[in-house]
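Presented below is the structure to which this report refers.
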There are 2 protein chains.
Amino acid sequence: MKIYKSQDIKSMNKIFRLNLINSITGIKPANLIGTKSKDNFENLAIFSSVVHLGSNPALLAMVSRPQHDGLKDTYANIKETGYYTINHVSSDFIEKAHYTSAKLEREISEFEIMNLDAEYSENFYAPFVLQSHLKIGMKYIEGIDLPNGCILIIGEVEMIQVPEKSINELGQINLENHEAVGISGLDTYYSLKKLKQFSYAHKNEIPDFKD
Amino acid sequence: MKIYKSQDIKSMNKIFRLNLINSITGIKPANLIGTKSKDNFENLAIFSSVVHLGSNPALLAMVSRPQHDGLKDTYANIKETGYYTINHVSSDFIEKAHYTSAKLEREISEFEIMNLDAEYSENFYAPFVLQSHLKIGMKYIEGIDLPNGCILIIGEVEMIQVPEKSINELGQINLENHEAVGISGLDTYYSLKKLKQFSYAHKNEIPDFKD
């Protein structure tokens with residue numbers, strides 16, 4: 001077992017710390033965020049920080065890096081248009097998804113460079129990723145400044161597209177059925193295999209765990 | 001493909017919506033949060049919302065459900081003592097981890113009921129989970145109220161314990177090596193298999209994705 005204390009973490013090599021802290025939270029979801037600026041430049045960027053806030057209203061959040069040097073394309077587009085999409089990354093396009101993290105000029109579309117197709121379903125303003133299996137249309141609610149300069153982008157779910165094979169009669173999604181992947185750290189992708197499903201944890205139905 | 005629009009989501013059966021919205025973000029990390037009240041009652045609760053905020057300072061966040069009916073044990077303990085632990089759930093104790101979500105009285109320790117062992121390493125105030133392989137000691141920084149009543153709990157990493165086999169010379173964690181698991185929705189657990197690791201996405205090194 002390796003132990004790193006507060007002082008070790010503060011004095012660590014920068015790259016080592018970046019890798020370590022980015023990977024200690026465990027597996028992270030892999031999603032592509034699709035946006036389009038007011039003047040019609042499309043943008044696509046991978047995020048591993050999408051998180052559930054509540055189901056009624058249906059709210060999701062994601063963390064955007066500090067924008068001290070001017071707004072990045074994703075956040076700028078979300079703020080000026082009010083819409084974005086969240087698209088699950090599947091195993092057959094992880095390399096394309098990963099390279100959307102490269103810094104490209106605002107006028108260059110990651111859709112084009114990565115050879116992914118922008119899909120405009122149901123007249124939704126922001127582009128979905130055609131190759132993605134589970135796609136969510138989001139309406140921007142607000143951006144909350146966090147103590148380290150990051151921004152928590154909160155939005156409401158406006159539309160969901162999900163393959164028939166991935167959803168059951170209770171509304172549960174099977175991530176394995178559309179080969180959704182997870183991310184560890186900044187650059188490592190994992191496939192998912194369903195292990196076990198439990199029932200709701202009622203107090204009176206806790207198994208006897210004593211040996 | 002099934003499509004749910006805004007009005008469908010608002011008028012959905014409550015359980016169906018709960019399951020659907022809880023699972024659309026993709027895979028979520030499975031972590032047990034360990035706390036101890038000022039009067040020494042231990043608590044353990046599963047969270048699937050731990051998210052990375054930044055590596056210097058090393059900040060992590062997690063989402064706590066609304067606490068309108070009084071503070072829940074985890075958040076109450078964090079606020080009154082300033083410390084908590086984050087412990088990766090591995091495949092060999094997912095059932096015990098899952099049942100920590102049952103509502104137990106404050107005086108009852110989930111460690112005891114689930115037959116998991118509280119570990120006090122390096123005199124850290126909050127209990128770690130002995131059975132967990134990757135364990136993080138956290139210092140509470142602040143709680144931010146979110147628009148739906150949830151609270152974003154932000155903390156700084158004070159200590160990390162990680163198995164030698166799970167970390168490489170660059171600080172990257174291999175989640176498969178200690179059988180860390182992910183969660184979908186409220187009750188389904190997935191195992192992880194490393195698929196692929198890419199290099200940093202430099203603009204000039206993007207592969208040619210055109211067919």
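The values are calculated or read from the model by the stated rules, or taken from the named source; none is laboratory data. Since the model is a prediction, treat every value here as computed from it, not as a measurement. Counting neighbours? That spans all protein chains shown, and the Cβs are built from the backbone with ideal geometry, glycine included. To get the accessible areas, we keep the full protein, side chains included, count just its heavy atoms, and leave off ligands, DNA and RNA. Shrake-Rupley method; radii C 1.70, N 1.55, O 1.52, S 1.80 Å.
Report the FRET efficiency, 1/(1 + (r/R0)^6), for A:Asp39 and A:Asn204, where r is their Cβ-Cβ distance and R0 is 60 Å, rounded to 0.05. Mind dumping the intermediate values first?
Values: r = 59 Å, r/R0 = 0.99.
In this case the efficiency is close to 0.50.
Starting with the highest mean, order B:164-171, B:183-190, B:76-83 by the number of other Cβ atoms within 10 Å, averaged over the residues of each peptide.
Numbers: B:164-171: 14.6, B:183-190: 22.6, B:76-83: 18.0.
Highest mean packing first, the order is B:183-190, B:76-83, B:164-171.
Given the protein chains as shown and a 1.4 Å probe, how many square angstrom of A:His52 are accessible, to the nearest 10?
We get 30 Å² for A:His52.
Using only alpha carbon pairs under 8 Å that are at least six residues apart, calculate the relative contact order of chain A and give it in whole percent. Could you put the intermediate results ahead of the total?
Working: 371 pairs, mean separation 47.8, N = 211.
Once normalised by length, the contact order is 23 percent.
Taking each label point as 7 Å beyond Cα in the direction of the beta carbon, state the distances from A:Lys2 to the same residue in the other copies, shortest first, in nm.
4.4
Semi-axes of segment A:106-211's equivalent ellipsoid from the Cα gyration tensor, sqrt of 5 times each eigenvalue, largest first, rounded to whole Å? Let's see the in-between values first.
On the way: eigenvalues 214, 87, 62 Å².
Each semi-axis is the square root of five times an eigenvalue, giving 33, 21, 18 Å.
Which peptide among A:27-38, B:112-123 comes first, and what is the full order, when sorted by highest mean count of other Cβ atoms within 10 Å? Mind showing how you got there, number by number?
Numbers: A:27-38: 24.2, B:112-123: 15.8.
The densest-packed peptide leads the list: A:27-38, B:112-123.
How large is ³J(HN,Hα) for each residue in segment B:186-196, as worked out from phi by the Karplus curve 6.51 cos²θ - 1.76 cosθ + 1.60 (θ = phi - 60°), to whole Hz, x for Gly and Pro?
9, 8, 10, 10, 10, 8, 10, 10, 5, 9, 6
Which whole-Hz ³J(HN,Hα) couplings does segment A:136-151 yield from phi under the Karplus relation 6.51 cos²θ - 1.76 cosθ + 1.60, θ = phi - 60°, glycine and proline marked x?
10, x, 10, 10, 5, 9, 6, x, 10, 6, 9, x, 9, x, 5, 10
Want the number for A:Ser11 to A:Ile144: 0.36 nm per residue separation, take away the alpha-carbon distance, what's left? If you can, show how the numbers build up before the last one.
Working: separation 133, 0.36 × 133 = 47.88 nm, distance 2.96 nm.
Gain in length upon complete extension: 44.9 nm.
Hey, got the Cα dimensions of chain B along the principal axes, in Å, largest first?
65, 52, 32
Under the definition of partner shielding as Cβ atoms of other protein chains within 10 Å of a residue Cβ, what is the mean value for peptide A:124-134?
1
Amide H neighbours of B:Ala58 under 5 Å, at least 5 residues apart or on other chains, H built in the peptide plane: list them.
Counting only residues 5 or more places away or on other chains, the set is B:Val157.
State, to one decimal in nm and shortest first, how far the label point of A:Gly82 sits from each corresponding label point in the other identical copies (label point: 7 angstrom along Cα-to-Cβ).
Listed shortest first, these distances are 4.5 nm.
Report ³J(HN,Hα) in whole Hz for each residue of segment A:37-44, in order, from the Karplus equation J = 6.51 cos²θ - 1.76 cosθ + 1.60 where θ = phi - 60°; Gly and Pro get x.
Computed from phi, the couplings for segment A:37-44 are 6, 4, 8, 6, 8, 7, 9, 9 Hz.
Average partner chain C-beta neighbours within 10 Å, per residue of B:83-92?
Details: counts 0, 0, 0, 3, 1, 4, 1, 0, 2, 0.
Across the residues of B:83-92, the mean count of other-chain Cβ atoms within 10 Å is 1.
Put the label 7 Å from Cα along Cα→Cβ for A:Lys196; what are its distances to the other copies, in nanometres, shortest first?
In nanometres, ordered from closest: 3.2.
Just grab the label-to-label distance for A:Thr81 and B:Tyr125, each label 7 Å out from Cα along the Cβ direction, in nm (one decimal).
Going from the A:Thr81 label point to the B:Tyr125 one covers 4.7 nm.
Connecting C-alpha atoms closer than 10 Å in a GNM of chain A, tell me which of A:Ile153, A:Ile15, A:Ile136 has the biggest fluctuation.
Most flexible of the set in this elastic network: A:Ile15.
Give the ranking of A:Glu142, A:Glu158, B:Glu205 by solvent-accessible surface, highest area first, calculated with a 1.4 Å probe.
On the way: A:Glu142 70, A:Glu158 40, B:Glu205 105 Å².
Putting A:Glu142, A:Glu158, B:Glu205 in descending order of accessible area: B:Glu205, A:Glu142, A:Glu158.
Compute the FRET efficiency between A:Lys103 and A:Lys2 as 1/(1 + (r/R0)^6), taking r as their Cβ-Cβ distance and R0 = 35 Å, and round to the nearest 0.05.
Working: r = 33 Å, r/R0 = 0.94.
The formula returns an efficiency of 0.60 here.
Find the percent of Cα-Cα distances in the protein assembly as shown that exceed 26 Å, and round it to a whole number. Please list the in-between numbers first.
Details: 46209 of 88831 pairs.
Across the protein assembly as shown, Cα pairs with separations above 26 Å total 52 percent.
Let me know the mean shielding of A:27-39 by other chains, meaning the per-residue number of their Cβ atoms within 10 Å of its Cβ.
Details: counts 13, 8, 9, 2, 3, 0, 0, 0, 0, 0, 0, 0, 0.
What the average comes to for A:27-39 is 3.
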